[in-house]
Ligand SMILES: [Zn+2]
Ligand SMILES: [Zn+2]
């Protein structure tokens, strides 16, 4: 997300990985409406795995408009983390039901299935492919995902706050063998002074993390929504100048691993 100019976003969180004709999608912010573009690159895709990190609406606002849910061509399997006070399916149903939405999840066909799990479980494990999960600090909880395939891995963690004593070391350990980390970069060090408890990293947190993850490419996203592209560049400039492996993710950007 970012405010005007839009190079670094304007859509809310959604990242997809295309692998062997399958689409693995992380979160269903309104970025998920760009799936058609994705499909042109992965035209034979029939299997879609959708992994939800948590239930704040910036991560779900595109969900009820995601066309493959309503197309028999696709099998869509949706992974929903349950947190201490939140059962996965109930949380999604709360957003997709009246009065917030005209219809509820019962309109979905047999091509859509749901899997609830507790963060910490390895939710998929087949030969050299797996998806690991881990709970991190965010109001209500957030689930980080690590996709491992053929000895390479990518970690997705859109929202996280540095409040537990081990947040940075736990995260560095979870990502230590990963090629890529896609991570919350919401606040500047100035902005976080009045936003503690809102659940996000600031640039100092990212600097600390990047020092522990020298081999991992770190893609910053989920910026403060009022920030312009220039603001995003300005706030992360010092961090990026010290580490060639830190990038600002752009809307629609593709990275090959
Ligand atoms: Zn959140
Ligand atoms: Zn968010």
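Coordinate-derived values only; no laboratory data. Source: prediction; values computed, not measured. Glycine also receives a Cβ, built like all others from the backbone with ideal geometry; neighbour counts cover every protein chain displayed.
If packing is taken as the average number of other Cβ atoms within 10 Å across a peptide's residues, how do 250-257, 201-208 rank, most packed first?
Taking the mean over residues of other Cβ atoms within 10 Å, the ranking is 201-208, 250-257.
In whole angstrom, and with the biggest value first, how far do the Cα coordinates of region 76-124 range along each principal axis?
That works out to 34, 27, 9 Å along the principal axes.
How fast does region 141-257 diffuse by Stokes-Einstein, in µm²/s, taking the Kirkwood radius from C-alpha pairs at 10 °C and 1.306 mPa s?
The Stokes-Einstein estimate is 110 µm²/s.
If the chain between residue 93 and residue 193 were fully stretched, how many nm would it gain, using 0.36 nm times the residue separation less the Cα-Cα distance?
Between residue 93 and residue 193, full extension yields an extra 32.6 nm.
Give me the orientation-averaged projected area of the Cα convex hull of region 89-197, in nm², one decimal. Provide the component values of the computation, followed by the final result.
Values: hull surface 38.4 nm².
With every direction weighted equally, the projected area is 9.6 nm².
Want the number for residue 176 to residue 37: 0.36 nm per residue separation, take away the alpha-carbon distance, what's left?
Full extension from residue 176 to residue 37 adds 46.9 nm.
Short version: what are the Cα gyration tensor semi-axes of the chain, square root of 5 times each eigenvalue, largest first, in whole Å?
So the equivalent ellipsoid measures 28, 20, 19 Å along its semi-axes.
Tell me the Kirkwood radius of region 191-257: reciprocal of the mean inverse pair distance over distinct alpha-carbon atoms, in Å.
About 13.0 Å for region 191-257.
Need one number: convex hull volume per residue for region 17-86, Cα atoms only, in Å³.
84 Å³
What nm value, rounded to one decimal, do you get for the distance between residue 128 and residue 211 when each label is placed 7 Å out toward the C-beta?
3.6 nm
Could you check what % of the DSSP bridge pairs in the chain are antiparallel, to the nearest 5?
Working: 23 of 53 bridges.
About 45 percent, rounded to the nearest 5.
Would you calculate a helix-derived [θ] at 222 nm for the chain, using -39,500 (n - 2.57) for each DSSP H run of n ≥ 4 and dividing by the full residue count, to the nearest 500? Could the numbers behind the result be given before it?
Numbers: 5 runs with 48 residues, N = 257.
Helices in the chain give a 222 nm mean residue ellipticity of -5500 deg cm²/dmol.
Taking 8 Å as the Cα distance limit and 6 or more residues as the minimum spacing, I'd like the relative contact order of the chain as a percentage.
17 percent
Taking only the alpha carbons of region 39-155, what extent do you get along each of the three principal axes, in Å, biggest first?
45, 37, 21
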